[in-house]
Structure formats: C-alpha cells, structure tokens
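**Student:** Can you read through this structure? Questions will come right after.
The values are calculated or read from the model by the stated rules, or taken from the named source; none is laboratory data. Everything quoted here is computed from the prediction, not taken from an experiment. We place every Cβ from the backbone using ideal geometry, glycine too, and count neighbours over all the protein chains shown.
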C-alpha cells in the first residue's frame with residue numbers, strides 16, 4: 001500500500017499528483033475511512049461514495065479561498081483527510097477530537113458548519129451575494145445529496161439562485177439513496193435521467209463529435225454549453241433545473257476521476273448558477289456497505305471482515321419498544337397512521353410499514369410537510385403518529401404551533417433520540433424539545449422512565465383528544481419487562497416511586513433510574529429521599545409535587561434537556577405561583593451546546609449522573 005495520504009498536509013498537495021497517484025489516493029482514503037469508522041463509529045456509506053468527488057473538487061478548486069459547502073456534512077470525511085487532518089483523523093467523533101461534520105472552528109477549509117440537511121444551497125447563495133458585494137473573486141460550491149433535495153429549503157434556495165443569477169456551482173451527488181431509500185417525485189425524476197439510455201446515447205454521440213473538432217477544449221466551453229442545451233431539449237432531461245434558471249450538466253460518473261476533473265474545470269469558467277449532476281455509489285469500495293446501503297449509512301463500531309456490529313445489546317431499545325407498541329395498537333385501531341421524515345429504520349417505523357403498508361408514509365427529508373400532513377390526517381378523523389428525531393422536529397416547529405396546536409388536532413409526536421445522543425455532537429443532541437413543546441398551548445408533553453412505560457404513554461397520547469408528545473432516548477432501555485395490554489395513563493399524573501422525608505428528587509423520562517441510583521447513595525449517607533417520576537411536564541402533577549416539597553422543604557429536579565424553559569423551570573415557576581418557599585436545585589443541560597463524546601461521559605460532565613445528583617441533594621439538606 002502506498003502512503004500518499006501521509007504527505008497531504010493541505011489540499012494544495014494533491015494538485016501535483018499524477019492521475020495514477022490520484023486513484024491510489026482514493027484507495028487510501030477509503031481504507032482510512034473504513035478503519036477509523038469501524039473503530040469509532042460514524043457515517044460510512046456516504047463518505048465512501050464521495051471519495052473521488054472530494055478529490056476532484058480539491059484538485060480543481062483552491063480551498064479555503066474557494067468555498068466548498070457539504071450539505072448535511074456526513075459525507076465530509078474525505079474532505080477532512082484532504083485538508084490537513086490526517087493525523088487527527090483517528091480522533092473522529094471522540095471527545096476533544098475532530099467532528100463528524102464540517103465545523104468552522106475546526107478548520108478554515110470548513111466553509112460552513114452543517115449537521116441538518118438541505119442547507120448548503122442557501123448558505124452558498126448567501127456567500128455568493130456577500131462575495132459580490134465585497135467585490136471579491138472566488139468560487140462557491142455547494143455539494144448536496146439527492147435525498148436533501150426532498151427538503152423544501154433546498155427548493156427555496158434553488159428558486160432564488162435562479163432568480164439572482166449569481167455565480168454559484170451546485171454539485172448534486174445522486175446515489176439514489178440518502179439515508180433510507182429516497183421517496184418522492186423528484187427522486188423518481190433523477191433516477192429517470194440516470195437510467196435514460198437515449199440521453200446517454202445522444203450525449204456520447206454529441207461529445208464524440210465535439211471532441212473531433214479542432215481547437216476544442218476549455219476555450220470552447222460556450223459551444224459545449226450550447227450543445228448541452230440542445231441535448232437537454234432532445235432528451236427532456238435536466239429541464240426541471242433549467243426551468244428554475246440554472247444551467248444543468250450531467251449526469252456524469254462520480255467515480256470517474258478524470259471525467260469529473262475535466263467537467264469541473266469546464267464549468268468553473270461558466271457564469272451564473274449551474275448544477276452538475278454526479279452519480280455515485282453509496283458505500284463504494286466496501287462490499288457490505290454497497291450491498292446494504294441503509295444499514296451502513298451510519299454505524300456503531302463494527303468488524304471490517306464480517307461487517308458485524310461490535311456493540312450489540314440484548315436489551316430492547318426504546319426505539320424497539322416504540323415499534324412494538326405501534327404495531328400492537330395499530331392492530332386494534334385502524335385509524336392509527338405512522339409517519340416519518342426519511343427515518344423509517346431509525347425511528348422503528350420500517351417494521352410498522354411492512355405490516356401496515358397502506359398506513360405508513362415516509363415523506364422524505366421534509367419535517368415541515370410531515371407535521372402538516374399529520375394535521376390533515378387528524379382533521380379527517382385519523383390518528384397520526386409522527387415519529388421524528390427530537391433534533392429534527394425543530395425544523396417543523398412553526399407547523400407544530402400553527403397547524404396542529406392552534407387547531408387542537410389529534411396528532412401524536414414521538415421524539416426519538418431525545419437528550420444526549422453522544423458522538424454526533426451539538427447538531428444532533430435532542431436537548432430542547434421539553435422547552436419548545438411545553439411553551440405551546442394545547443400540547444401535552446410526557447416522557448417515559450423506561451421502555452415499558454413508553455408503550456403505555458404511546459397509548460395515552462393516541463387516546464388523548466388533542467396534540468401530545470412523548471420523548472425517549474437513543475439506545476437500549478433498562479431491561480424491564482413489557483406489560484400487556486397497554487393502558488392509558490391519566491393525563492398530568494405522576495408516580496411516587498419512593499417515599500422520603502429529607503429531600504424530594506423529581507425527574508422526568510430516562511433520568512428517573514439515575515435518580516433512583518442517587519437516592520441509594522443518599523441512603524448510605526443517612527439522607528432519606530423521596531422520588532417522584534413526573535411523567536408529564538405539561539400538565540404538571542401540581543398536587544403531588546407540592547405535597548412532596550411541602551413535606552421535605554427541598555427539591556432537586558433532573559432532566560436531560562436545557563434548564564432554560566425546561567422541567568426544572570416549570571417546577572420553579574409552580575413554587576413561585578403557589579407562594580411556596582423551598583430550596584431548589586435544577587440539574588439539566590447548561591446554556592451551552594454540548595460537544596461530542598460518549599453519552600455517559602457527557603452526562604457526567606454536565607452533572608446528569610448519580611453522584612452529582614446525590615451531592616446536590618446533600619448540600620441542600622446541610
């Protein structure tokens with residue numbers, strides 16, 4: 001194996017490599033990505049698919065002067081390796097290491113920080129406007145996946161880019177699959193372009209004819225452009241983008257390095273907004289990832305030879321408990337409909353969809369549409385359950401307020417990956433939902449203490465007349481048995497887990513088992529703690545909470561959510577409103593973005609561990 005990658009200290013170093021060396025470099029990058037991700041976990045398939053594309057971009061353009069923006073960012077590993085981060089790459093996604101996403105504080109080559117999809121074109125257009133206002137001269141390139149084009153924000157940006165006619169290059173990375181299989185009319189449109197034999201036949205004929213003309217090359221870019229226009233009109237391909245005011249080129253093979261370098265050299269000389277359609281293979285170079293694109297999109301540490309996950313758990317996950325409950329409840333109620341936004345497997349609704357295909361809808365990366373689609377279903381008498389990651393529901397917040405809660409419709413929101421999620425970092429932690437959902441009138445906000453309670457809360461939410469939400473963490477439950485049948489919990493009622501007299505420990509959701517461990521530590525210090533599983537943040541069980549705090553005179557609240565506007569804030573406000581004088585300590589996520597790292601370590605750092613809770617309670621008692 002060669003060691004070209006060791007010599008790449010910046011993207012300038014690849015410009016002196018020969019064509020053969022560039023291919024060897026691609027092999028080395030793939031090997032480095034596979035080895036590191038198999039150890040650290042991370043996004044595998046997307047990065048293997050864009051290796052040649054990343055090399056071609058850095059070979060033709062001059063980063064950081066030229067700005068390359070990676071949409072979503074989970075395909076930026078080759079970019080990181082090509083911009084001087086080889087020695088740090090083993091620290092990928094580790095605490096204190098390099099991020100799994102572009103991060104402007106990490107490198108001048110990360111032109112814009114990304115973590116959620118469909119943002120790159122908007123950001124790139126803003127940079128293009130600023131460049132022109134400042135009378136600067138550099139290229140701006142947005143790399144966006146086909147799945148991200150299902151997000152409405154990308155269409156809004158395309159529309160204005162075509163209107164403003166700024167110099168802007170958009171690379172459409174088309175692997176016909178983003179995370180889960182792409183859905184929607186646009187995905188079908190792109191697939192038809194790629195599969196259209198007439199297009200390829202005409203394109204090759206025209207290209208061969210042009211190449212035989214004397215003097216053809218970069219100087220003949222305009223002529224080539226006119227021929228491409230003619231070709232598009234003949235094949236009816238690319239007309240969608242042309243209608244928006246963009247020049248369309250492609251599709252071209254995203255693994256043909258020489259072809260991409262030529263294409264990029266040509267289009268960088270063309271004025272106005274343009275789109276280069278690049279076809280890649282997700283998981284390219286690793287058989288397991290090529291064969292199972294969804295499974296190897298994002299992975300935990302795995303065995304390279306077998307592809308097997310190294311961190312399997314025998315305990316049912318919260319997602320698994322949700323799936324089980326959804327199927328059981330849907331068997332009893334034909335009004336229940338499952339919706340998700342490009343995350344059928346991640347949310348567990350893939351199994352529901354297989355059993356009830358006519359009652360399952362994956363809307364693509366379109367959370368706003370997902371929420372309002374659910375509202376429409378509810379208005380028509382159905383019982384929609386929208387399963388969306390906590391961090392992604394932020395994108396549909398206006399629709400939650402305006403389309404669901406104002407009209408008091410029967411929509412259930414199931415927020416997977418709520419709280420600290422670990423190595424994916426600040427853009428993926430779901431630590432705001434208790435705050436932003438509880439602020440909205442008519443919304444019921446609840447969180448289960450374990451995987452058993454999750455199923456009963458799901459039934460509670462579905463049975464409730466009006467909007468309701470439940471949030472639960474990533475990963476395995478605590479190993480409790482699932483009780484059947486599921487029953488509704490009275491809205492706004494808590495659970496007294498343990499009686500005590502010295503201090504009240506009140507937690508919500510997955511923090512309750514942590515509180516129970518803290519209470520055992522306090523018991524060894526002769527402090528008798530009362531434990532309440534709040535279950536509901538909105539409405540609060542005011543009667544039970546006040547009764548406990550009046551008895552102990554001290555309370556510690558615990559939540560895996562930001563303290564501002566969170567559960568502790570609600571309890572504090574309750575005490576103020578009722579004129580109750582008590583010592584209170586609120587433990588939760590501080591007013592800062594939580595970085596990447598193992599979830600257990602991050603919880604300890606911010607105080608969401610038994611020892612810190614016990615210490616805080618002990619200080620109140622003293």
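**Student:** Could you please give the count of residues in segment 74-103 that are within 27 Å of residue 27 (Cα to Cα) and either within 22 Å of the chain's Cα centre (by Cα) or not assigned by TED's automatic domain parsing to the domain that holds residue 146 (or both)? It would help to see each step written out before you state the result.
**Tutor:** We begin by selecting, within segment 74-103, every residue within 27 Å of residue 27 (Cα to Cα); these are 74-94, 97-103.
Right, trim to either within 22 Å of the chain's Cα centre (by Cα) or not assigned by TED's automatic domain parsing to the domain that holds residue 146 (or both) and you get 74-80, 89, 91-94, 97-103.
Within segment 74-103, residues that are within 27 Å of residue 27 (Cα to Cα) and either within 22 Å of the chain's Cα centre (by Cα) or not assigned by TED's automatic domain parsing to the domain that holds residue 146 (or both) number 19.
**Student:** Only one residue in 90, 80 is assigned to a helix (DSSP H, G or I), free of Cβ contacts under 8 Å to residues at least 40 places away in the same chain and closer than 30 Å to residue 602 by Cα. Which one? Before you say what the answer is, go through the steps one by one.
**Tutor:** Numbers: 90 fails: free of Cβ contacts under 8 Å to residues at least 40 places away in the same chain.
None of the others qualify; the one that does is 80.
**Student:** Would you check which residues across segment 607-617 are in contact (Cβ under 8 Å) with a residue 24 or more places away in the chain and farther than 21 Å from residue 550 by Cβ and list them? Break it down stepwise before answering.
**Tutor:** Residues of segment 607-617 that are in contact (Cβ under 8 Å) with a residue 24 or more places away in the chain, as a first pass: 608-614, 616-617.
Hits for segment 607-617 are 608, 609, 610, 611, 612, 613, 614.
**Student:** Tell me which helices (runs of 4 or more DSSP H) are completely within segment 268-348 and hold 3 or more residues being modelled with pLDDT of 95 or more, or say none if there are none.
**Tutor:** Numbers: elements: 287-291, 318-332, 344-347.
In segment 268-348, the matching helices (runs of 4 or more DSSP H) lie at 318-332.
**Student:** Can you tell me which of (1) out of contact with any helix residue (DSSP H, G or I) (no Cβ under 8 Å at 6 or more places or on another chain); (2) over 21 Å from residue 578 (Cβ atoms); (3) surrounded by fewer than 16 Cβ atoms within 10 Å (Cβ to Cβ) is the one residue 550 doesn't meet?
**Tutor:** Failed condition: (2).
**Student:** Could you grab me the full set of residues in segment 250-267 that are part of a helix (DSSP H, G or I) and surrounded by fewer than 18 Cβ atoms within 10 Å (Cβ to Cβ)? Please lay out each step first, then the result.
**Tutor:** Kept after step one, since they are part of a helix (DSSP H, G or I), are these residues of segment 250-267: 257-267.
Selection gives 258, 259, 262, 265.
**Student:** For segment 293-305, enumerate the residues that are over 16 Å from the mean Cα position of the chain (by Cα) and more than 17 Å from residue 50 (Cα to Cα).
**Tutor:** From segment 293-305, those over 16 Å from the mean Cα position of the chain (by Cα) are 293, 301-305; that's our starting set.
Listed by number, the residues that qualify are 301, 302, 303, 304, 305.
**Student:** Among (1) surrounded by fewer than 16 Cβ atoms within 10 Å (Cβ to Cβ); (2) within 11 Å of residue 508 (Cα to Cα), there is one condition residue 536 misses while meeting the rest; what is its number?
**Tutor:** In the conditions (1) surrounded by fewer than 16 Cβ atoms within 10 Å (Cβ to Cβ); (2) within 11 Å of residue 508 (Cα to Cα), residue 536 misses (1) alone.
**Student:** Would it be correct to say that residue 490 is in contact with a strand residue (DSSP E or B) (Cβ under 7 Å, 6 or more places away or on another chain), surrounded by fewer than 17 Cβ atoms within 10 Å (Cβ to Cβ) and closer than 20 Å to residue 540 by Cβ?
**Tutor:** Values: in contact with a strand residue (DSSP E or B) (Cβ under 7 Å, 6 or more places away or on another chain): no; surrounded by fewer than 17 Cβ atoms within 10 Å (Cβ to Cβ): yes; closer than 20 Å to residue 540 by Cβ: yes.
Criteria not met by residue 490.
**Student:** Select from segment 375-388 the residues that are closer than 23 Å to residue 323 by Cβ and in contact with a helix residue (DSSP H, G or I) (Cβ under 7 Å, 6 or more places away or on another chain) and list them in ascending order.
**Tutor:** Narrowing segment 375-388 to residues closer than 23 Å to residue 323 by Cβ: 377-378, 382-388.
Matches in segment 375-388: 383, 384, 385, 386, 387, 388.
**Student:** In segment 505-526, which residues are on the phi > 0 side of the Ramachandran plot and in contact (Cβ under 8 Å) with a residue 12 or more places away in the chain? Talk me through it step by step, then tell me what you get.
**Tutor:** The initial filter retains those residues of segment 505-526 that are on the phi > 0 side of the Ramachandran plot, namely 509, 526.
Within segment 505-526, just 509 meets the criteria.
**Student:** Scan segment 29-61 residue by residue and report those that are under 22 Å from residue 256 (Cβ atoms) and out of contact with any helix residue (DSSP H, G or I) (no Cβ under 8 Å at 6 or more places or on another chain).
**Tutor:** 31, 46, 49
**Student:** Restricting to segment 373-418, give me the number of residues that are within 20 Å of the chain's Cα centre (by Cα) and buried (at least 19 other Cβ atoms within 10 Å of the Cβ).
**Tutor:** Applying the first criterion (within 20 Å of the chain's Cα centre (by Cα)) to segment 373-418 yields 385-400, 413-418.
Then keep just the ones that are buried (at least 19 other Cβ atoms within 10 Å of the Cβ); that gives 385-393, 395-396, 399-400, 413-418.
Residues flagged as within 20 Å of the chain's Cα centre (by Cα) and buried (at least 19 other Cβ atoms within 10 Å of the Cβ) within segment 373-418 amount to 19.
**Student:** While we're looking at this one, here's another question. Output the residues belonging to segment 268-299 that are touching a strand residue (DSSP E or B) at 6+ places or on another chain (Cβ under 8 Å) and surrounded by fewer than 16 Cβ atoms within 10 Å (Cβ to Cβ). Break it down into steps so the answer makes sense when it comes.
**Tutor:** First pass over segment 268-299, keeping only residues touching a strand residue (DSSP E or B) at 6+ places or on another chain (Cβ under 8 Å): 268, 270, 272-280, 282, 293-294, 297-299.
Selection gives 272 alone.
**Student:** Within segment 397-436, can you find the residues that are touching a residue at least 40 places away in the same chain (Cβ under 8 Å) and assigned to a helix (DSSP H, G or I)?
**Tutor:** Of segment 397-436, the ones touching a residue at least 40 places away in the same chain (Cβ under 8 Å) are 400, 404-405, 408-436.
Hits for segment 397-436 are 400, 404, 405, 433, 434, 435, 436.
**Student:** For segment 349-372, enumerate the residues that are surrounded by fewer than 23 Cβ atoms within 10 Å (Cβ to Cβ) and assigned to a helix (DSSP H, G or I).
**Tutor:** 350, 351, 353, 354, 355, 357, 358, 359, 368, 369, 372
**Student:** Looking for something within 22 Å of residue 43 (Cβ to Cβ), assigned by TED's automatic domain parsing to the domain that holds residue 330, in contact with a strand residue (DSSP E or B) (Cβ under 8 Å, 6 or more places away or on another chain) and part of a helix (DSSP H, G or I) - is there at least one such residue anywhere in segment 381-391? Break it down stepwise before answering.
**Tutor:** Pass one, segment 381-391, residues within 22 Å of residue 43 (Cβ to Cβ): 387-391.
Still in the list and also assigned by TED's automatic domain parsing to the domain that holds residue 330: 387-391.
From what's left, in contact with a strand residue (DSSP E or B) (Cβ under 8 Å, 6 or more places away or on another chain): 387-391.
After this cut, where a residue has to be part of a helix (DSSP H, G or I) as well, the list is 390-391.
So far as segment 381-391 goes, yes, one or more of its residues are within 22 Å of residue 43 (Cβ to Cβ), assigned by TED's automatic domain parsing to the domain that holds residue 330, in contact with a strand residue (DSSP E or B) (Cβ under 8 Å, 6 or more places away or on another chain) and part of a helix (DSSP H, G or I).
**Student:** On to the next question. All but one of (1) under 23 Å from the mean Cα position of the chain (by Cα); (2) farther than 18 Å from residue 481 by Cα; (3) surrounded by 17 or more Cβ atoms within 10 Å (Cβ to Cβ) hold for residue 312; state the number of the condition that does not hold.
**Tutor:** Only one criterion in (1) under 23 Å from the mean Cα position of the chain (by Cα); (2) farther than 18 Å from residue 481 by Cα; (3) surrounded by 17 or more Cβ atoms within 10 Å (Cβ to Cβ) is unmet by residue 312, namely (3).
**Student:** Every residue in segment 1-36 that is more than 22 Å from residue 144 (Cα to Cα) and within 31 Å of the chain's Cα centre (by Cα), please.
**Tutor:** Filtering segment 1-36 for residues more than 22 Å from residue 144 (Cα to Cα) gives 1-10, 12-25, 27-28, 31-32, 34-36.
Matches in segment 1-36: 5, 8, 9, 10, 25, 27, 28, 31, 32, 34, 35, 36.
**Student:** Given the structure, is residue 130 assigned by TED's automatic domain parsing to the domain that holds residue 156 and crowded, with 23+ Cβ neighbours inside 10 Å?
**Tutor:** Details: assigned by TED's automatic domain parsing to the domain that holds residue 156: yes; crowded, with 23+ Cβ neighbours inside 10 Å: no.
Against the criterion (assigned by TED's automatic domain parsing to the domain that holds residue 156 and crowded, with 23+ Cβ neighbours inside 10 Å), residue 130 does not qualify.
**Student:** Name the single residue, out of those in segment 114-156 being free of Cβ contacts under 8 Å to residues at least 24 places away in the same chain and not in a helix (DSSP H, G or I), that is farthest from residue 60 (Cα to Cα).
**Tutor:** 134
**Student:** Of the residues in segment 564-596, how many are part of a loop (DSSP other than H, G, I, E, B), touching a residue at least 60 places away in the same chain (Cβ under 8 Å) and over 14 Å from residue 431 (Cβ atoms)? Can you show your working first?
**Tutor:** So in segment 564-596, the residues part of a loop (DSSP other than H, G, I, E, B) come out as 564-566, 578-582, 590-596.
This time we only want the ones that are touching a residue at least 60 places away in the same chain (Cβ under 8 Å), so: 564-566, 593-596.
Right, trim to over 14 Å from residue 431 (Cβ atoms) and you get none.
Count: 0.
**Student:** Further question on the same structure: Inspect segment 527-539 for any residue being part of a helix (DSSP H, G or I) and either in contact with a helix residue (DSSP H, G or I) (Cβ under 8 Å, 6 or more places away or on another chain) or touching a residue at least 60 places away in the same chain (Cβ under 8 Å) (or both) and give the result as yes or no. Don't jump to the end; show me each part of the working.
**Tutor:** So in segment 527-539, the residues part of a helix (DSSP H, G or I) come out as none.
No, there is no match, as no residue in segment 527-539 is part of a helix (DSSP H, G or I) and either in contact with a helix residue (DSSP H, G or I) (Cβ under 8 Å, 6 or more places away or on another chain) or touching a residue at least 60 places away in the same chain (Cβ under 8 Å) (or both).
**Student:** Still on this structure: Being free of Cβ contacts under 8 Å to residues at least 60 places away in the same chain and either on the phi > 0 side of the Ramachandran plot or not in a loop (DSSP other than H, G, I, E, B) (or both) is the filter here, so list the residues in segment 462-499 that pass it.
**Tutor:** Across segment 462-499, the qualifying residues are 463, 466, 468, 469, 470, 492, 495, 496, 497, 498.
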